[in-house]
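The values are calculated or read from the model by the stated rules, or taken from the named source; none is laboratory data. From a predicted model like this one, the values you see are computed outputs, not experimental measurements. Here Cβ is always computed from backbone atoms with ideal geometry, including for glycine, and neighbour counts include all displayed protein chains.
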Amino acid sequence: MVTAMAASAPQSLSSARRKWVQVFKVCDEGNKGYLSREDFKVAVVMLFGYKPLKMEIDLVITSEKQNTSGILLEEFLDFIKKRKAAQLHYDEIRQIFTAFDRKYHGFLTLDDFKKAFGQVAPKLSERIVLEAFREVDLDSDGHVSLRDFEHAMNYGKNEGEAL
Ligand SMILES: [Ca+2]
């Protein structure tokens, strides 16, 4: 009679985790014990339904380790948690955008963008921020709109549509 209670508590969390671990294993081609860049792309598509931007992959790989190009299970799980948390921060992104759009133009210049990014992801190197800017400024006019900015911050959910 104790069984029903025992099964109920932390079940949803561990089953989500189990699913992530399974995705990791499925995508780890050749059971290397880590995900290559290509494996990681596949995993993100499976879990979130979009292809990750180059900057997103760089972020995961360079922030965790310097010398290898692989993502270990723990790092992968950590990424998913952060990625899920990021989805909750839409309002915050909007606020940040507004705060850095100092002249109320409705867009950010590269300079504004750098400052905004510095606030959100201070560990990112300038090179990656610059790449992110170029990546979201699709028409290359040097301006990033709120939508572009959300796109960058939310790791490009709709990446690929521009083609
Ligand atoms: Ca633009």
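Before moving on, here are some points about what is shown:
- Entry remark, the stretch 110-157: residues being more than 12 Å from the ligand (Cβ to nearest atom), farther than 18 Å from Arg94 by Cβ and outside any helix (DSSP H, G or I) number 4 in total.
- Of the residues examined, Gln95 is not one that is in a helix (DSSP H, G or I), at pLDDT 90 or above and over 19 Å from Lys123 (Cβ atoms).
- Residues in the stretch 92-123 that are in contact (Cβ under 8 Å) with a residue 60 or more places away in the chain and in the same structural domain as Val136 (by the TED database) were compared, and the one that is farthest from the chain's Cα centre (by Cα) is Lys123.
- Considered as a group, the residues in the stretch 41-55 that are part of a helix (DSSP H, G or I) and within 11 Å of the chain's Cα centre (by Cα) include one that is modelled with the lowest pLDDT, and that residue is Met55.
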